[in-house]
Every structure is written in structure tokens, then in C-alpha cells.
Amino acid sequence: MEFKEAKDQFLQTWGALGSQWGINKTMAQIHALLMISPDSLSMEDIMEELQISRGNASMNLRGLIDWGIVYKEYKPGERREYFVADQDVDSLARKIAIERSKREVKPALRVLAGVKNFDDDNSKEAQKFKMKTQELHDFVEKADTMLEKIINQKENWITKTIMKLMT
């Protein structure tokens, strides 16, 4: 496999994985491109490499900056903005976990907390609903607590733990 083919395959795969962590394919591809680039890239560089429009590039770069995994970089004498990705895998994992918790886990907890407080008619169906929503709430709350503990670890705890599990 030649370098260009390997790079294209990586960008496509990372783009597909993006939906698993709550972002669209193009946003994930931009992130992947910036992550593997030896130098910061301009919006024009990104548009050309990924064959996307200015609006698409701009909107997705803004989203990546909001997630805290891409940063603007200014070069002296240049009018263009350049972009660079966070290169620390542990930091990246923590930032993604924080955003996923904010966007997915916390809202789910609010819904589960809300739906378990209903006027109980003492029917079998209502009792089962109350029991299951409480179980789900407790499970999601434990998962969120575990996620927060992982996020708050300072050293390479995530990587070490994953490596231990894989061996």
C-alpha cells in the first residue's frame, strides 16, 4: 500500500468513527488530517485535501475548536489562519469524554430523573416502568461517575488501563 492510499484510508476510517463519538464524518476527517499533518494547515489546505467547500470546512473547524481538540495558529506575516490538532491522545480522549458526557449522558440523566416522577396509578405496567427507569437512571449515573473519574485522571491512566485490558 502506498502512502497516499494509506492516508486516504485512514481519513475515511477516522471519518466513519466520528459518528461513534458524536461528530459528523467531515468533522472527524478534518480532525484526522490535522492530527497527522506535520505542520499546521490553512482552511484552503484542508478544503483542497478533503475536497470540501469553504462553508463546510469553516463550520466543522469551528466545531472542533469548540470541542477543544483543534486550535488556531497564527504565523507571522501571514493573513491566513492555520489550524493544528491536539496531539496528546490522553488529552484527546478526556476532551471527547467530557463533550460526550455534556451532550449525551447528562441529558439522558435529566430525562430519566424526570420520567420516574409520574403520578403512579399502581398498575403493573406503571410499576414496571418505574422500576426499569430507576435501574437505568442508577446505571447511567454510575457510568457517568466512572467517566468523570477517568476524565479527572492526570497521568496516562486511560492509556495504561486500556493497554492492561488488551494484553
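The values are calculated or read from the model by the stated rules, or taken from the named source; none is laboratory data. No experiment lies behind these values; they were computed from the predicted model shown. Cβ coordinates were reconstructed from backbone atoms using ideal geometry, including for glycine residues, and neighbour counts include every protein chain displayed. Accessible surface is based on the protein model in full, side chains and every heavy atom, while ligands, DNA and RNA are left aside. Shrake-Rupley method; radii C 1.70, N 1.55, O 1.52, S 1.80 Å.
What to note about this one:
- When every residue of segment 82-99 is checked against the conditions, none turns out to be in contact with a strand residue (DSSP E or B) (Cβ under 9 Å, 6 or more places away or on another chain) and open to solvent by 70 Å² or more (accessible area, probe 1.4 Å).
- Condition met for K142 (out of contact with any helix residue (DSSP H, G or I) (no Cβ under 8 Å at 6 or more places or on another chain), basic (K, R) and within 22 Å of Q20 (Cα to Cα)): yes
- Neighbours by Cβ (under 9 Å, 6+ apart or cross-chain): first from segment 120-137, over 20 Å from L109 (Cα atoms) and open to solvent by less than 90 Å² (accessible area, probe 1.4 Å); second at pLDDT below 85 and outside any helix (DSSP H, G or I): none
- Flag if W21 is open to solvent by less than 70 Å² (accessible area, probe 1.4 Å), closer than 29 Å to E141 by Cα and in contact (Cβ under 8 Å) with a residue 60 or more places away in the chain: yes
Every residue, every condition in (1) modelled with pLDDT of 85 or more; (2) over 30 Å from S42 (Cβ atoms), yes or no:
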{"position": "I98", "(1), (2)": "no, no"}
{"position": "E125", "(1), (2)": "yes, yes"}
{"position": "L147", "(1), (2)": "no, yes"}
{"position": "I151", "(1), (2)": "no, yes"}
